[in-house]
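Colleague: Right, I'll just put the structure down here and ask away after.
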Amino acid sequence: MTALGASATVRPYPTSENLLPNLGFEVSDDIHPDADRIGAHLQDWAKRVGLASSPHKLARQFDASFERVAARIFPALPRRDVQLYAQWVVWLFVLDDEQDEGFMGRSVTEVDEAFAELTAVVDGYMPPREAAPVALVLAELWSRTTLQMSQTWRARFLQNFRRYHAAFRAQAAHRFHGTVPSLEDYPELRRYDNAMFMFDLVEVAHRTEVPPSLANSDAWREMHAASSDITAWCNDLVSLNRDSAQGEQWNYVAVYQSATGCSQATAIRTVRNHIRARSVDLVATKNRVVAHIADCPNVENVMAVANTVCAIPGAHYAWLRESGRHTNQAH
């Protein structure tokens, strides 16, 4: 099998350009020059730690080209820092797939039981050897990730992880009961279901911790929220065909249709417009953040973190166009 990330396997998603026209954010073609090496390393790592325990799971990760998410978000950082972030991406999507299809997709109780252990790991608990692979891998990732990070940063990560659990729980509840989230509730639930803690990991990749005064500011939080909303809603558009075929209602288009009774075409146009509006918000909040950054002791490094956070929607969009994550209904 060709190494994960090899250019021969990358192919455009056939309908993404129709679903995702110009939505107001910049899309760059920049990608890390070692993307293929990062992919090969990621494939070996996933097999070694048990996140690709079957040929089927390995093939899914191979098709998705998860390493290219990290390689596009961080096109110029040292390879080992990009590799660590890529490992978090794989771990996150394995957890997401277990919600969709595995032991966590059954009930709220099962979600809570699984997250109790995962949250404990982030809080310092070391799981036993017989624990689920997602818990064991999280413990290993967490130990390497937090080497240079303060307790304040860890607490911020943990807060976002708990919000992720709450959103995950809400998704499981709606799936279990066959209900659709309200139009008022969905955007915030989707924001945190999109794993806001991954934005905290941008600091780790840049080896820079944002000062608490900035990290706790309304501008910094809103910048993260806008970036997360854009990536999540774009993902909803690209996964729409698959979600519709599977009867999945955890999608902004489906939620809007359910709430208003409009056609799918109208709902798609509306979600696109919401993405454009959030793209404007992202630029505005970044301008507010820049004013705060001027007071930081490590201005250049913190600015690099802010630039990356704002570039994530475009990097994610570029990955959506080439990944096999949503091209195969079996995925």
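Colleague: Just wondering, is there one or more residues in segment 294-310 that are among the charged types (D, E, K, R), farther than 23 Å from Arg207 by Cα and not in a helix (DSSP H, G or I)?
Modeller: no
Colleague: Also: Working only within segment 234-253, note down all residues that are open to solvent by 10 Å² or more (accessible area, probe 1.4 Å) and either under 11 Å from His316 (Cα atoms) or touching a Cys at 6+ places or on another chain (Cβ under 6 Å) (or both).
Modeller: Passing the criteria: only Asn235.
Colleague: Give the number of residues within segment 129-160 that are at pLDDT 90 or above, of a type outside the set (Gly, Ala, Ser) and outside any helix (DSSP H, G or I).
Modeller: So the answer is 4.
Colleague: For the structure I just gave you, tell me whether His274 is farther than 20 Å from Arg207 by Cβ, within 23 Å of the chain's Cα centre (by Cα) and surrounded by fewer than 18 Cβ atoms within 10 Å (Cβ to Cβ).
Modeller: In short, yes.
Colleague: Continuing with the same structure: Those residues that are open to solvent by less than 20 Å² (accessible area, probe 1.4 Å) and free of Cβ contacts under 8 Å to residues at least 40 places away in the same chain, I need them from segment 163-183; list them, please.
Modeller: Tyr164, Ala167
Colleague: Looking for something open to solvent by 40 Å² or more (accessible area, probe 1.4 Å), out of contact with any helix residue (DSSP H, G or I) (no Cβ under 7 Å at 6 or more places or on another chain) and in a loop (DSSP other than H, G, I, E, B) - is there at least one such residue anywhere in segment 184-194?
Modeller: yes
Colleague: A further question follows. For Thr285, state whether it is in contact with an Asp or Glu (Cβ under 7 Å, 6 or more places away or on another chain), hydroxyl-bearing (Ser, Thr, Tyr) and at pLDDT 95 or above.
Modeller: So Thr285 passes the test.
Colleague: A further question follows. Quick check, is Tyr186 farther than 17 Å from Val89 by Cβ, hydroxyl-bearing (Ser, Thr, Tyr) and touching a residue at least 40 places away in the same chain (Cβ under 8 Å)?
Modeller: yes
Colleague: When residues of segment 202-223 are filtered for being among the aliphatic types (A, V, I, L, M) and crowded, with 20+ Cβ neighbours inside 10 Å, how many remain?
Modeller: 5
Colleague: Continuing with this model, one more query. Can you tell me which residues in segment 110-128 are in a helix (DSSP H, G or I) and either open to solvent by less than 70 Å² (accessible area, probe 1.4 Å) or of a type in the set (S, T, N, Q) (or both)?
Modeller: Glu110, Val111, Asp112, Ala114, Phe115, Ala116, Glu117, Leu118, Thr119, Ala120, Val121, Val122
Colleague: Within the bounds of segment 285-301, is there any residue that is basic (Lys, Arg), in contact (Cβ under 8 Å) with a residue 24 or more places away in the chain and either on the phi < 0 side of the Ramachandran plot or open to solvent by 50 Å² or more (accessible area, probe 1.4 Å) (or both)?
Modeller: Yes, some residue in segment 285-301 is basic (Lys, Arg), in contact (Cβ under 8 Å) with a residue 24 or more places away in the chain and either on the phi < 0 side of the Ramachandran plot or open to solvent by 50 Å² or more (accessible area, probe 1.4 Å) (or both).
Colleague: So, one more: Under the condition of being in contact with a Leu (Cβ under 9 Å, 6 or more places away or on another chain) and modelled with pLDDT of 95 or more, which residue from segment 310-328 is surrounded by the fewest Cβ atoms within 10 Å (Cβ to Cβ)?
Modeller: Cys310
The values are calculated or read from the model by the stated rules, or taken from the named source; none is laboratory data. These numbers were taken from a predicted model, which means no experiment stands behind them. When we count neighbours, we look across all protein chains shown, and the Cβ atoms used for this are built from the backbone with ideal geometry, even at glycine. Accessible surface is based on the protein model in full, side chains and every heavy atom, while ligands, DNA and RNA are left aside. Shrake-Rupley method; radii C 1.70, N 1.55, O 1.52, S 1.80 Å.
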